[in-house]
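First the structure, in the form of structure tokens, and then the observations on it.
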Amino acid sequence: MRADLYVDQINISYITLSGYVDLNKYRYFYFFIVLTVFILTVCSNATILYLIWIHKNLHEPMYIFIAALLFNGLLYSTNIYPKLLIDFLSEKPIISYSACLFQFFMFYSFGGSEFLLLAAMAFDRYVAICKPLRYRNIMKRSTVSTFLITAWFVAVFYPVVLAMLSYQAKLCTFNLEGIFCNNTIYALQCVRSTTLTVFGIVAFSNVVVLPMLFTSFTYANIFRISSRSSKQSRKTTVETCVPHLLVLTSYFCLMTYDVVIARVQSDFPKIARFIMTMQISLYHPLFNPFIYGFKMREINKRLKKLFFRAAKETTAMDAAAGELNATYITLGGHVELHRYRFLYFAVMFVVYLLIICSNSAILGLIWVQKSLHEPMYVFIAALLFNSLLFSATIYPKLLADFLSDEQTTSLSLCNLQSFTYYSLCGAEFLLLSAMAYDRYVSICRPLQYQATMRTPTVAALLALAWLLPACQLVPSLFISRGYKLCHSTLNGIFCNNAISRLFCMDSRAPYITYGAFIALNTIVLPMLFILFTYTKILIISLRGSGHMRRKAAKTCSPHLLVLISFSCLCSYDVVVARLEVDLDRTARFVMTLQVVLYHPLFNPVIYGLKMEKIHRLLRMVLCHDKRKKYRFLYFVMTSSVYVLILCSNSTILCLIWIRKSLHQPMYAFIAALLLNSLLLSTNVYPKLLVDLLSDVQMTSYLACRIQALIYYSLCGSEFLLLAAMAYDRYVSICKPLRYRTVMGKRTVTALLVLAWLLPSCQLVPSLILGDGLKLCRYTLNGIFCNNAVTKLSCVTSAGPYIIYGVIILVNTIFVPLAFILFTYCKILVISSRRGSDARKRAVQTCAPHLLVLISFSCLCSYDVIVARLEIDLPKAARSIMTLQVVLYQPLFNPIIYGLKMKEIHKHLKRLLSRSRVCAFVLP
């Protein structure tokens with residue numbers, strides 16, 4: 001009885017954090033990763049804080065706000081990581097309810113402070129750029145102090161009230177679906193209080209939405225004003241504002257998870273919830289110092305001085321040039337870095353993340369699956385781990401160089417990078433030799449396999465593979481120290497054998513001889529051994545049965561593919577770096593990139609797809625059953641398309657808004673059409689992405705009918721906007737003298753309002769009528785809610801609904817379509833009577849609208865043919881055709897108007913070409 005009472009008391013006091021995935025299996029892996037990230041977070045943030053503290057020239061409002069943001073990041077991390085690390089090592093992750101509320105309070109206090117600090121920084125940048133003469137008067141010490149106090153105290157007020165209200169609530173469950181205490185604590189309460197919900201919305205509005213709107217409005221003003229100023233002014237604007245915008249975007253994207261999952265209670269798989277929760281606490285505190293360390297010139301300069309003690313800054317240091325060359329090396333292999341630095345950074349950063357994720361995924365799989373604890377898979381794991389080390393040698397320095405003004409490295413670091421690079425390359429060949437030997441014993445001597453490939457044998461082969469190349473290369477480090485540098489520019493993007501050309505050598509023969517000896521031991525001999533081994537396997541398997549041949553091909557082909565790939569890429573180092581072949585700088589840059597780009601990605605792809613056991617287990621991990629087979633593929637593709645839609649449409653929208661020369665009726669209608677595409681996509685894609693990651697794809701009946709209403713309202717608006725554009729073109733081409741009078745601001749506004757309101761007004765009654773219908777079915781044959789929702793109701797006669805639907809169809813589609821065709825026919829007839837210039841102008845302005853009209857009409861016809869006429873299509877065909885409506889058109893619009901409209905195309909080219917990229921993007 002006492003034990004039961006004790007358990008009840010424990011349940012009342014303590015909450016179980018059940019958001020962890022396979023904690024018993026991966027607890028040490030989780031602990032190591034999170035501890036490493038926490039140490040990196042503390043060190044990186046503390047370093048920049050220390051720099052701002054000790055350097056007086058950084059005691060300015062902008063840097064004080066950056067310091068406050070980094071300090072906030074440290075407090076934010078300290079609130080989460082220590083408890084997280086304790087939970088990883090505990091048998092049961094639990095927390096008392098009072099401690100949970102305290103963590104909840106701290107989490108949202110610092111989260112809100114982040115938005116308010118970013119708003120303060122936006123105001124500081126606005127005053128500095130738009131009102132420079134008044135900057136000292138406005139941004140005084142007292143003003144800065146007020147902003148900082150407001151940012152921390154206003155953010156504290158709302159979570160305090162929410163925590164106090166939650167403390168009084170009665171709990172019905174003690175199982176929290178998360179790894180730390182956030183908004184999910186509301187799910188523990190028996191009844192979610194209306195007061196809590198209303199106050200939560202007020203808090204969200206005041207701490208997140210209003211600062212976001214203020215920040216967006218401020219930066220829009222800054223860019224609008226700076227676009228009218230000099231090139232130098234635009235450069236300064238971008239240099240100081242881009243870091244803040246990157247941090248704001250990053251944090252806002254991560255915090256939306258809290259609303260989407262924790263508040264909206266979306267049905268996410270446990271692993272997806274766990275990963276997304278980790279991202280909130282993992283990426284952002286590391287992202288801040290990374291962005292401010294590289295993008296803020298003053299901080300970057302101080303960081304360089306701190307880590308490298310000296311830097312090549314001005315011509316005043318020319319007297320010490322010889323001494324500098326003896327210490328520092330310039331990496332001169334980059335091609336047009338000043339133009340494409342952000343493109344290079346983005347591509348290589350994505351590739352590096354892919355390399356880490358793909359290699360780590362298969363490494364983790366081999367680690368946790370006991371069935372893969374065999375010599376062959378151990379060698380595969382070693383090869384993938386070698387790829388990770390190989391990438392870690394190159395990528396971090398490469399990414400830092402892309403964002404730096406000068407690509408320099410010290411001689412000792414360069415020697416170390418070169419040594420590690422060639423050690424790991426040699427280890428790759430020796431590991432492939434070990435794998436070849438393993439396959440030879442397995443296929444040619446199967447009865448002796450267990451006795452030959454024991455654990456000590458495997459361990460000895462692995463140790464030999466990594467130690468032999470390293471031991472042979474160590475003397476080269478000491479040899480190079482005996483030479484003096486004659487050149488300080490390395491013709492490459494990282495340190496390889498080309499470093500030998502920088503030394504003052506009377507004769508390169510000893511150096512080349514030593515290199516040839518190492519190449520023979522670590523590349524040529526392993527290659528010969530591999531070829532000999534696989535030849536023996538081929539000969540023996542050809543004499544065997546068909547099953548034996550299939551087994552040989554299945555297990556050996558991945559290793560051979562990896563060997564051929566790596567050999568081809570490494571041959572570049574011999575051909576160019578060692579034999580000093582004179583290649584074009586761009587060709588050298590591209591070929592050097594391929595060495596570090598393809599192979600670390602190639603290994604996990606080959607072993608993930610070609611090794612049957614790994615492939616099967618990967619499929620089991622990534623998809624729970626056959627229906628969920630492609631969920632992550634669908635999610636990645638759909639989210640990529642959605643991001644493209646947002647970026648492409650927003651770019652042209654911003655371009656039309658910023659450029660006064662585009663403030664004309666035609667471009668106003670184009671902007672409205674693009675905004676309509678954004679709304680149409682936003683109506684479908686977010687729910688679609690949530691469904692792709694959910695175990696059950698469902699929605700409430702009301703939400704479904706609202707989605708259908710918005711979908712058809714925006715489709716109708718598309719046709720009416722195209723009709724308005726047709727009328728605009730008709731007046732412009734056929735009645736040019738009356739154009740200004742007819743197409744005034746009021747007329748344009750009236751047409752836009754009509755285009756958006758008319759379809760909505762006609763569709764609202766259908767929402768009201770459907771509210772009283774009883775449902776007989778609950779499965780919708782579609783991936784989002786469209787007209788097929790009417791088939792779910794228990795209606796004996798669908799006649800009235802069909803008639804009402806036809807009326808709406810006639811008013812919003814057929815009448816506008818007939819008007820558009822009539823208008824363009826009139827334009828065609830009138831322009832054909834005039835000269836060739838008139839015809840050219842007519843085609844140039846009308847062709848894009850006609851292309852968009854034809855595209856959208858063809859796609860919308862599916863809804864009528866399949867959804868309304870109930871044609872029996874295969875499920876896959878139905879899904880594909882439904883997706884096309886929301887996939888092609890929102891992407892098609894910005895492409896057509898970006899390429900075909902001369903004025904927009906011209907401004908886009910200016911924005912993306914040298915004149916605008918250099919002025920608006922490059923630091």
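The values are calculated or read from the model by the stated rules, or taken from the named source; none is laboratory data. All of these numbers come straight from a predicted model, not from anything done at the bench. Reconstructed Cβ throughout: ideal geometry from the backbone, glycine too, with neighbour counts over all protein chains shown. What goes into the accessible areas is simple: the full protein's heavy atoms, side chains included, and nothing from ligands, DNA or RNA. Shrake-Rupley method; radii C 1.70, N 1.55, O 1.52, S 1.80 Å.
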> For residue 793, which sequence-distant residues (separation of 5 or more, or a different chain) have an amide H within less than 5 Å of its own amide H, given hydrogens modelled in the peptide plane?
Replying inline: 776
>> Give me, ordered by chain and number, the residues 5 or more places off residue 408 or on other chains with an amide H under 5 Å from its own placed amide H.
In response: 331
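Take 728, 405 and sort them by solvent-accessible surface of the protein heavy atoms, 1.4 Å probe, largest at the top.
Values: 728 0, 405 85 Å².
Order by accessible area, largest first: 405, 728.
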> ³J(HN,Hα) across segment 99-108 via Karplus (A = 6.51, B = -1.76, C = 1.60, θ = phi - 60°), whole Hz, x for Gly/Pro?
Replying inline: 5, 5, 5, 5, 5, 4, 4, 5, 4, 7
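Carbon-plus-sulfur fraction of the accessible area of segment 415-475, 1.4 Å probe, in percent?
On the way: 1800 of 2570 Å².
Result for segment 415-475: 70 percent of the exposed heavy-atom area is carbon or sulfur.
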>> For the pairs 660/745; 301/397; 840/902; 660/906; 735/826; 536/613, flag any whose C-alpha to C-alpha distance is greater than 19 Å.
In response: 536/613
> Cα centroid distance between segment 333-409 and segment 677-692, in Å?
Replying inline: 33
> Among residues other than residue 735 whose Cβ falls under 12 Å from its Cβ, what is the net charge (Lys/Arg +1, Asp/Glu -1)?
Replying inline: +3
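Compute the accessible area per residue over segment 334-597, keeping the other protein chains in place, probe 1.4 Å, unit Å². All intermediate terms of the calculation are to be shown ahead of the outcome.
Numbers: 12370 Å² over 264 residues.
I get 47 Å² per residue for segment 334-597.
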> Sorted by accessible area with a 1.4 angstrom probe, largest first, how do 298, 718 fall?
Replying inline: 298, 718
